[in-house]
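The values are calculated or read from the model by the stated rules, or taken from the named source; none is laboratory data. Keep in mind that this is a model prediction, so the values were computed, not measured. When we count neighbours, we look across all protein chains shown, and the Cβ atoms used for this are built from the backbone with ideal geometry, even at glycine. These area figures cover heavy atoms from the full protein model, side chains too; ligands, DNA and RNA do not enter into them. Shrake-Rupley method; radii C 1.70, N 1.55, O 1.52, S 1.80 Å.
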Amino acid sequence: MSIFERLANMTKAVAHEALNKLENPVLLMNQYLRNLEEDIRIAERKLTEQQGALKVLAWRKEEALRSAEQSEQAASQALSGGNEAAAREALSAKLQFAEQAEVHTAQLQEAGVRIQELEFQIQNAKEEYERLKEKRTELAARAQKAEERSQSIRPSFSYGIESGSAARGFERMEEKIMQWEANLDAAGRTYSAPPASIPNTEVKSAYSTAVEEELQRLQSKRAGEK
């Protein structure tokens with residue numbers, strides 16, 4: 001591994017650690033709930049649109065059936081008057097209206113299925129929302145207790161906590177809080193300040209190793225040329 005790859009990995013590790021420290025479980029859980037609320041509102045708007053479309057399709061189907069019946073009556077009257085050409089024209093119109101009615105029937109069935117699916121999704125989402133609200137209250141209380149313990153154990157320092165869509169986000173926040181609690185339990189038993197300048201030591205070690213690797217490569221190359 002080259003020195004640049006090592007430095008890149010170290011930079012990424014520091015960035016991830018900084019993001020973990022910035023994560024606030026309570027704020028993130030609130031955002032997950034807001035996202036879920038927005039999803040429910042969007043689904044309810046779609047449901048309203050589908051219900052409106054269902055009414056329009058039902059009206060169009062009835063109009064097509066009514067027109068088909070009227071066309072058949074017109075064909076019958078034309079035949080009674082001996083006008084076969086007019087009868088054929090009326091029967092052709094009847095078939096077209098009947099075909100339209102069949103299309104609208106199929107569309108009605110599809111719209112009905114979509115409405116049922118949306119109603120099911122909305123109901124499940126609302127139940128999930130209520131469950132997560134209760135979970136947020138529990139996790140927020142645990143996070144508050146962990147924060148209070150953190151301040152009592154290490155009053156002069158501030159350390160980040162390593163952390164692991166709406167339900168997945170809550171699970172990740174619960175893991176984060178559980179880890180926080182476990183760390184505080186361990187810190188309550190034994191605590192020692194972290195050694196200073198570890199990052200500088202790791203960087204120097206990485207540079208030193210890379211320099212030795214490059215030196216060995218050049219030595220091997222020169223030996224092969226002799």
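Observations on the model:
- Residue under evaluation M173, criteria (1) modelled with pLDDT of 80 or more; (2) open to solvent by less than 70 Å² (accessible area, probe 1.4 Å), criterion not met: (1)
Quick grid of which residues meet (1) at pLDDT 85 or above; (2) farther than 30 Å from K126 by Cβ; (3) surrounded by fewer than 16 Cβ atoms within 10 Å (Cβ to Cβ):
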| residue | (1), (2), (3) |
| --- | --- |
| M10 | no, yes, yes |
| V14 | no, yes, yes |
| E38 | yes, no, yes |
| T48 | yes, no, yes |
| A58 | yes, no, yes |
| E69 | yes, yes, yes |
| S76 | yes, yes, yes |
| L79 | no, yes, yes |
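- Some residue of segment 43-58 being part of a helix (DSSP H, G or I), under 30 Å from A90 (Cβ atoms) and β-branched (V, I, T): yes
- Filter result for R88 (more than 30 Å from F170 (Cβ to Cβ), basic (K, R) and open to solvent by 100 Å² or more (accessible area, probe 1.4 Å)): yes
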